[in-house]
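J.: Questions regarding the structure given below will be posed in turn.
We did not get these values from a lab; they are worked out from the coordinates using the rules stated. As the structure is a computational prediction, the values presented were derived from the model and not from experiment. Here Cβ is always computed from backbone atoms with ideal geometry, including for glycine, and neighbour counts include all displayed protein chains.
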Amino acid sequence: MEEYIDIIKSSYEGYASYLWREITTPTWHSYFYWLIGVSAFFYILELTKPWRKEQAKFRKDFWLDFFYMFFNFFLFSLIIYNAASNVVVHFFNDLLASIGITNLLAFEVMSWPTWAHLIIGFLVRDFVQWWTHRLLHRVPALWEFHKVHHSVEQMGFAAHLRYHWMENVVYRTIEYLPLALIGIGLRDFFIIHIFTLAVGHFNHSNFKLNLGPLKYIFNNPQMHIWHHAHDLPDERKYGVNFGLTLSVWDYLFKTNYIPHDGRDIKLGFPGVEEFPKDFVHQNSQGFKSNKSS
């Protein structure tokens, strides 16, 4: 027990120091300032070339989503996630060691050229996330948490990181084993983080870009808008267009759906009008719904 208490203590101290350095001594790999820079870039695009020209410059819930960006990217890790995940990983490794498994590594990609292990890490992560995203829509208890993301009624770049903190737990838990099997530590990959951050902001932005044939590979606002559609046909009731960064999985597994230009479609889900509008109640809603169901 004392060992785990030490892990929790060192995790809090380590992440607090890391976050303080991120803010006070910026470098080229400071996530904090990359988040601000990438967000500013897409906000400028929304102001100068908006897809929905009638949408307000500060759309509905803009500041709520802006807070979510920093909470989910930094504050959640400071409050609980970093310490909890270190404890869980340590416990998991101890459990494996107790049955004689001391190394999960199936094959070592870190010995490959940098570009190769970045690509394989990105592809494995994105594929696992695609299936996890489908799970969030298919399992009722998980959907209650995922509703937070789908409560967006006007789309903009900051909606990318409006999601319940339990999604972090679900995604990272499911990602851990396949990434561990190929020796990839997700937090170590700055380039993957920034690339997926930028594409995620792009997918949710009020901006239109004709990708040509690349639309069959990369997600984009004209595809992702349909993922947030309020109304879908009955045969698509569990959702469409689940891609986070890549759209190719949706085309391969036939979950793609773009019936027409979705610029002005209604967003949300049935009952979104009654869904909590503030951060605190949105993040307690899933637990209340699951408890009463």
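J.: Describe numerically, in nm with one decimal, the distance between label points set 7 Å from Cα along Cα→Cβ at Glu54 and at His230.
T.: The answer from the label model is 1.4 nm.
J.: Amide H of Phe218: which non-local residues (sequence gap of 5 or more, or other chain) have their own amide H closer than 5 Å, using H built in the peptide plane?
T.: Ser247
J.: A follow-up question, please. What is the distance, in nm, between label points placed 7 Å from the Cα along the Cα-to-Cβ direction at Ile44 and at Lys288?
T.: Label-label distance for Ile44 and Lys288, simple model: 4.2 nm.
J.: Where does the stretch 183-293 land on Rg/Rh, using Cα atoms and the Kirkwood Rh?
T.: My calculation puts Rg/Rh at 1.02.
J.: Set the Förster distance to 41 Å, then compute FRET efficiency between Trp63 and Ala116 from the Cβ-Cβ distance, nearest 0.05.
T.: 0.50
J.: Could I have the simple spin-label model distance between Trp20 and Asp261, label points 7 Å from Cα toward Cβ, reported in nm to one decimal?
T.: 5.3 nm
J.: Give the calculated FRET efficiency between Ile191 and Phe70 to the nearest 0.05, with a Förster radius of 22 Å applied to their Cβ-Cβ distance.
T.: FRET efficiency, Ile191 to Phe70: 0.55.
J.: Taking the Cβ of each residue in Ile265, Ile23 as the centre, tally the other Cβ atoms inside 10 Å and list the residues starting with the fewest.
T.: Ile23, Ile265
J.: Taking amide hydrogens as modeled 1.01 Å from N in the peptide plane, which residues meet the under 5 Å criterion relative to Leu267, leaving out close sequence neighbours?
T.: So Leu267 has HN proximity to His230.
J.: Right, another one. Counting other C-beta atoms within 10 Å, which of His160, His260 has the fewest, and how do the rest follow?
T.: His260, His160
J.: Also, I was wondering about something else. Per-residue HN-Hα couplings for the stretch 275-285, Karplus 6.51 cos²θ - 1.76 cosθ + 1.60 at θ = phi - 60°, whole Hz, x for Gly and Pro?
T.: Values per residue, Gly and Pro as x: 5, x, 9, 10, 4, 4, 6, 5, 8, 10, 4 Hz.
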